Amino acid sequence: MSSDFATNFLIGGLLIQVASFSVFVLLAAPFHRRAHANQWKWPMLALYVSSLYILARSMYRAIEFSQGNIEPIATRESFMYAFDFVFMQFASRTLDLLRRCTME
């Protein structure tokens with residue numbers, strides 16, 4: 001198995017992840033519109049915000065792998081920390097903030 005095949009397979013998997021996660025968020029929107037109860041306002045907002053962070057991270061990873069191993073985005077740790085770690089931390093913190101705010 002060649003390195004190009006493995007890289008293309010990985011990029012394809014990341015793009016499928018972005019597509020399926022986008023479909024999930026798009027399907028959550030009609031549920032949000034139909035659920036008129038006020039109790040769904042904050043959980044759905046947290047879902048949308050954390051989903052945006054996760055989608056941005058997945059798109060970063062797809063771009064990173066498509067550029068190869070010698071491009072700056074793959075060779076500098078600052079990009080990894082900024083786009084990988086920070087986005088996942090923000091997504092986690094958003095959901096944690098919701099949990100803390102809704103605890104009784």
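The values are calculated or read from the model by the stated rules, or taken from the named source; none is laboratory data. Remember, it's a predicted structure, so these values are computed and weren't measured experimentally. With ideal geometry, Cβ positions are generated from the backbone for all residues, glycine too; neighbour counts draw on all protein chains shown. When the accessible area is computed, the model is the full protein with side chains, heavy atoms only, and any ligands, DNA or RNA have been set aside. Shrake-Rupley method; radii C 1.70, N 1.55, O 1.52, S 1.80 Å.
For residues that are at pLDDT 90 or above and of a type outside the set (A, V, I, L, M, F, W, C), scanning just segment 36-50, find the one that is most open to solvent (accessible area, probe 1.4 Å). This residue is TYR48. Of the numbered criteria (1) under 13 Å from the mean Cα position of the chain (by Cα); (2) touching a residue at least 40 places away in the same chain (Cβ under 8 Å); (3) farther than 20 Å from LEU10 by Cα, the one PHE24 fails is (2). Could you check, for segment 71-78, whether at least one of its residues is surrounded by 11 or more Cβ atoms within 10 Å (Cβ to Cβ) and touching a residue at least 60 places away in the same chain (Cβ under 8 Å)? Checked segment 71-78: no residue is surrounded by 11 or more Cβ atoms within 10 Å (Cβ to Cβ) and touching a residue at least 60 places away in the same chain (Cβ under 8 Å).
Checking each residue in segment 1-21 for being closer than 30 Å to THR102 by Cα and without any contact (Cβ under 8 Å) to a residue 40 or more places away in the chain picks out SER20, PHE21.
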